[in-house]
Amino acid sequence: MCCEGRQELYFCENQFVDTAKILGLVAGFLTTVAFVPQVIKTWQSRSARDLSLVMFLLFCTGVFLWMIYGFMINELPVILWNIITLALALIILFFKLRFKN
């Protein structure tokens with residue numbers, strides 16, 4: 001059984017940490033990339049009329065807090081993806097304010 005011996009325990013803990021980091025990076029990548037089509041669509045149509053301003057303000061605040069949390073716990077996946085997500089969300093928010101139609 002894995003992790004019964006001292007040396008195996010160290011290996012299993014490191015394997016879990018590596019798997020968790022990879023999972024965090026993949027999950028962050030997918031949720032961040034999900035914003036790219038909306039940025040492109042909003043830019044091409046020059047319209048963000050159907051997007052809720054309140055929702056995006058709340059979302060940007062939440063992502064900013066997740067980013068701060070990532071810095072506090074020193075977790076690169078949390079920091080990296082929330083910085084990128086915040087940038088994409090702020091672009092959409094900018095379009096929302098600029099394209100009033």
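If you go through the stretch 27-86 and pick out every residue that is hydroxyl-bearing (Ser, Thr, Tyr), in a helix (DSSP H, G or I) and surrounded by fewer than 17 Cβ atoms within 10 Å (Cβ to Cβ), you end up with 4. Among the candidates LEU93, LEU65, LEU86, the residue that is at pLDDT 95 or above and in contact with a Phe, Trp or Tyr (Cβ under 7 Å, 6 or more places away or on another chain) is uniquely LEU86.
Residues that are free of Cβ contacts under 8 Å to residues at least 40 places away in the same chain and closer than 30 Å to ILE22 by Cα are absent from the stretch 42-54 altogether. Which of the residues belonging to the stretch 40-63 are within 13 Å of PHE99 (Cα to Cα) and among the hydrophobic types (A, V, I, L, M, F, W, C)? Answer for the stretch 40-63, where residues must be within 13 Å of PHE99 (Cα to Cα) and among the hydrophobic types (A, V, I, L, M, F, W, C): TRP43, ALA48, LEU51, LEU53.
If you go through the stretch 31-58 and keep only what is more than 20 Å from the chain's Cα centre (by Cα) and not aromatic (Phe, Trp, Tyr), you end up with GLN44, SER45, ARG46, SER47, ALA48, ARG49, ASP50.
The values are calculated or read from the model by the stated rules, or taken from the named source; none is laboratory data. For clarity, every value in this text was computed on a predicted model and none was experimentally measured. Positions of Cβ are backbone-derived with ideal geometry, glycine not excepted, and every protein chain shown enters the neighbour counts.
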